[in-house]
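Trainee: So that we are looking at the same thing, I have put the structure below in structure tokens.
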Amino acid sequence: MEFSHRSVLLDECIESLNIRPDGIYLDGTLGGAGHSLEICRNLTSGRLIGVDRDCVAMEAAKERLRLHMPKVTLVHNNFENLESILDDLGIDQIDGMLFDLGVSSPQLDDGERGFSYMTDAPLDMRMDRGQGLTAYDVVNNWPRETLRKILYEYGEERYAPQIAAAIERVRTDHSITSTLELVEIIKGAMPPQALREKQHPAKRSFQAIRIAVNDELGAVSKMMDAAVKRLAPGGRLCVITFHSLEDRIVKLSMQEAAKGCTCPPGFPICVCGGKPKIKIITKKPIIATLEEVQENPRSRSAKLRVAEKV
């Protein structure tokens, strides 16, 4: 499938990065390379490190960045491994980092990948198709209580107990192998009023399973810790999130790094010696303009948070 993707909050990201023409920048979620292309256009002697766990995205990025490849290094890896990626490249500090979290439009739209609840496909949902765990494994092999927990916590699905029970009933008879079969099981477990809601009844469950398959929340936590550590003084960290769970991790991580002192509130003086590592640039997250939302509805839930290394 052709990997074309409209980059969310593009102008806002480029402005927030404060790009120096000779700086080193990292796009940790390369995708269709829309953000990366604009970063490259702002570089002269600088360098871009592009990271993605999806081989299809990597190939598309090579084509889109072909005129800039002398200043680009592409790395097929998960951004949660940020520290080891930089160590392998011999880079100590980065002048700016961008992470556009979530699943890209081509992944969602590619019926064969199993992300979509609108087309029939094998239960896959792997961003990196070289990894072992798939949605099939989660749906057919994970305990019912674990399923209920991820549906509720990752998908914020209020009918999680009923859906987990329905999945268990079906899989005791036969394996659940396709996306549309799973959709019908989910719909069958929900009350009639839930099926009349504007949002597709399987949306939250599919989100939850996708997050579990790709360990998305764990990856974000690891990335935030490493990004703050490896930013150069004055360097900017820009993170776009698309749902509340990711945004909460990013927000709290930034607040913790900006706080510095970890002494209990009752202490008269600081004894821990902790200093702020970053300052938060965006007191409130930047969101898409009405014009962008009209052009790209998937930008509606996007939130951009920006911090600067001190």
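The values are calculated or read from the model by the stated rules, or taken from the named source; none is laboratory data. It should be emphasised that the depicted structure is a prediction, and the values quoted were computed from it without experimental measurement. Heads up, the Cβs are rebuilt from the backbone with ideal geometry, glycines too, and the neighbour counts pull from every protein chain shown. Side chains are part of the model used for accessible areas, which takes the heavy atoms of the whole protein and leaves out ligands, DNA and RNA. Shrake-Rupley method; radii C 1.70, N 1.55, O 1.52, S 1.80 Å.
Trainee: Go over the candidates Gly234, Gly274, Gly260 one by one and state the one that is in contact with a Lys or Arg (Cβ under 8 Å, 6 or more places away or on another chain), open to solvent by 30 Å² or more (accessible area, probe 1.4 Å) and of a type in the set (Gly, Ala, Ser).
Mentor: The match here is Gly234.
Trainee: In segment 190-229, how many residues are in contact with a helix residue (DSSP H, G or I) (Cβ under 7 Å, 6 or more places away or on another chain) and of a type in the set (S, T, N, Q)?
Mentor: Residues that pass the stated criteria total 2.
Trainee: Moving to a separate point now. What number of residues within segment 16-32 satisfy the criterion of being open to solvent by 20 Å² or more (accessible area, probe 1.4 Å), closer than 17 Å to Thr241 by Cα and assigned to a strand (DSSP E or B)?
Mentor: Of the residues in segment 16-32, 0 are open to solvent by 20 Å² or more (accessible area, probe 1.4 Å), closer than 17 Å to Thr241 by Cα and assigned to a strand (DSSP E or B).
Trainee: Arg204 - would you say it is without any contact (Cβ under 8 Å) to a residue 60 or more places away in the chain, of a type outside the set (A, V, I, L, M, F, W, C) and open to solvent by 40 Å² or more (accessible area, probe 1.4 Å)?
Mentor: No; evaluated as a whole, the condition is false for this residue.
Trainee: Something else now. The conditions are (1) under 26 Å from the mean Cα position of the chain (by Cα); (2) open to solvent by 20 Å² or more (accessible area, probe 1.4 Å), and Met224 fails exactly one of them. Which is it?
Mentor: Tallying (1) under 26 Å from the mean Cα position of the chain (by Cα); (2) open to solvent by 20 Å² or more (accessible area, probe 1.4 Å), Met224 fails exactly one: (2).
Trainee: Here is a further query. Among the residues in segment 259-268, are any at pLDDT 90 or above and assigned to a helix (DSSP H, G or I)?
Mentor: yes
Trainee: For segment 222-252, give me the residue count where each residue is of a type outside the set (Asp, Glu), part of a helix (DSSP H, G or I) and in contact with a Ser or Thr (Cβ under 7 Å, 6 or more places away or on another chain).
Mentor: Summing the residues that are of a type outside the set (Asp, Glu), part of a helix (DSSP H, G or I) and in contact with a Ser or Thr (Cβ under 7 Å, 6 or more places away or on another chain) in segment 222-252 gives 3.
Trainee: Still on this structure, I have one more. So which helices (runs of 4 or more DSSP H) stay within segment 56-160 end to end and still have 3 or more residues that are surrounded by fewer than 20 Cβ atoms within 10 Å (Cβ to Cβ) and modelled with pLDDT of 95 or more?
Mentor: 82-89, 135-141, 144-153
Trainee: Mind listing whichever residues of segment 281-297 are open to solvent by 100 Å² or more (accessible area, probe 1.4 Å) and assigned to a helix (DSSP H, G or I)?
Mentor: Passing the criteria: Leu290, Glu291, Gln294, Glu295.
Trainee: So if I check each of Met190, Met224, Met254, which one is without any contact (Cβ under 8 Å) to a residue 60 or more places away in the chain and touching a strand residue (DSSP E or B) at 6+ places or on another chain (Cβ under 6 Å)?
Mentor: Met254
Trainee: Can you find a residue that is more than 23 Å from the chain's Cα centre (by Cα) and open to solvent by less than 60 Å² (accessible area, probe 1.4 Å) anywhere in segment 238-254?
Mentor: No: segment 238-254 contains no residue that is more than 23 Å from the chain's Cα centre (by Cα) and open to solvent by less than 60 Å² (accessible area, probe 1.4 Å).
Trainee: For residues in segment 33-55 being open to solvent by 20 Å² or more (accessible area, probe 1.4 Å) and among the hydroxyl-bearing types (Ser, Thr, Tyr), which is farthest from Ser16 (Cα to Cα)?
Mentor: So the residue we want is Ser45.
Trainee: Something else now. Determine whether Arg300 is open to solvent by 50 Å² or more (accessible area, probe 1.4 Å), part of a helix (DSSP H, G or I) and in contact with a Ser or Thr (Cβ under 9 Å, 6 or more places away or on another chain).
Mentor: No, not satisfied.
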